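Data first, discussion second: the structure below is written as structure tokens.
No value in this document is a laboratory result; all are computed from the given coordinates. All values reported here derive from a predicted model rather than from experimental measurement. We place every Cβ from the backbone using ideal geometry, glycine too, and count neighbours over all the protein chains shown.
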Amino acid sequence: MEKIRIAVLVSGGGTNLQALLDAQHDGKLPDGEIALVVSDRAGAYALERGRKAGVAVEEILKKECGDVNRQAVFEQRLETALAEAKIDLIILAGFLSILTESFTRKWDHRILNIHPSLIPSFCGAGFYGLKVHEAALARGVRVTGATVHYVNEIPDGGEIIAQKAVEVLPDDTPEMLQRRVMEQAEWILLPRAAEEVCRKLASEKEKK
Ligand code: GRF
């Protein structure tokens with residue numbers, strides 16, 4: 001069966017990208033192939049991870065997309081990179097740019113995102129990075145976790161694919177909780193969900 005070509009979009013350190021690369025290396029992503037890493041931040045360490053794994057990497061920076069219609073130019077450049085690499089599936093792994101509805105519609109059920117909480121808690125506009133864990137601790141929840149979902153025009157609002165719960169411990173700081181959620185949920189959940197979606201897309205491709 002033909003593999004599903006994946007682009008991973010990143011902005012930062014890329015530990016979730018690393019989990020995907022490791023899964024591929026270990027044969028746990030048999031129906032997918034990570035073909036491109038795109039960063040919207042200059043020099044993101046995730047790019048280095050991609051390069052080390054022999055994957056094509058590209059920076060697409062908003063500030064280089066002009067002052068007029070910057071978002072549209074950015075998305076157009078992204079589309080071009082995705083088309084050139086013949087991408088079938090996009091995975092957002094710590095990607096901080098918001099994609100507009102005109103983009104997400106074109107990629108309906110072909111964009112995944114990982115979010116570090118149990119959606120619908122602590123999600124949506126403004127909930128990213130440590131802010132998510134700060135909010136969970138402030139609310140006093142005893143359980144949090146991570147969610148992989150399809151991406152639509154509503155931030156963190158698309159159909160849920162997989163979730164995993166993680167315990168909150170009494171003396172947790174946001175940093176400690178973030179690390180536990182990554183180790184116990186994100187890095188396990190994302191490669192699994194990616195394979196599940198790739199398997200589905202690959203069998204659909206085969207039928208065509
Ligand atoms: C992760 O917590 C992910 O859930 C969120 O952004 C963070 C990215 O971390 N969307 P990394 O760049 O994968 O290390």
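Things worth noting here:
- Among Ser121, Ser11, a tally of other beta-carbon atoms within 10 Å of each Cβ gives an order, fewest to most, of Ser121, Ser11.
- Cα-only Debye scattering, the range 1-120: base-10 log of I(q)/I(0) at q = 0.10, 0.11, 0.15, 0.20 Å⁻¹: -0.29, -0.35, -0.66, -1.17
- Set of aspartates and glutamates with alpha-carbon distance to Lys106 below 13 Å, sequence-local pairs under 8 removed: Glu75, Glu79, Asp88, Glu153
- Gyration tensor (alpha-carbon) shape descriptor, the range 130-208, a/c threshold 1.5: prolate
- Taking the chain as a Gaussian network of alpha-carbon nodes connected by springs under 10 Å, the highest mean-square fluctuation of the residues Asn69, Asn16, Asn152 belongs to Asn69.
- Amide H contacts under 5 Å for Ile91: Ala7, Val8, Leu9, Leu112, restricted to partners 5 or more places along the chain or on a different chain, H placed in the peptide plane at 1.01 Å from N.
- Partner aspartates and glutamates whose Cα lies under 17 Å from the Cα of Lys164, excluding those fewer than 8 positions away in the same chain, are identified as Asp156, Glu183, Glu186, Glu195, Glu196.
- Spin-label model, Ile98/Gln184: points 7 Å from Cα along the beta carbon direction are separated by 3.2 nm.
- Across the chain, Cα pairs under 8 Å and at least six residues apart give a relative contact order of 23 percent.
- Where N is the number of residues in the range 57-116, Cα Rg divided by 2.2 N^0.38 Å: 1.12
- Paired Rg and Dmax values of the chain, which use every Cα atom, in angstrom: 16.7, 54
- Only alpha carbons enter this Debye calculation for the range 1-71, each as an equal point scatterer, and the log10 of I(q)/I(0) it gives at q = 0.13, 0.14 Å⁻¹ is -0.40, -0.45.
- Residue order, fewest to most beta carbons within 10 Å, for Ser117, Ser102: Ser102, Ser117
- 222 nm mean residue ellipticity, helices alone, for the chain (DSSP H n ≥ 4; -39,500 (n - 2.57); rounded to 500): -11500 deg cm²/dmol
- Two-site FRET efficiency, Lys106 against Met1, from Cβ-Cβ distance with R₀ of 25 Å, rounded to 0.05: 0.55
- Largest first, the three principal axis extents of the alpha carbons in the range 52-154 are 46, 33, 29 Å in whole numbers.
- The modelled label-to-label distance for the pair Asp171/Ser203, using points 7 Å beyond Cα in the direction of Cβ, is 4.9 nm.
- Here the residues Leu190, Leu112, ranked from fewest to most Cβ neighbours within 10 Å of their Cβ, fall in the order Leu112, Leu190.
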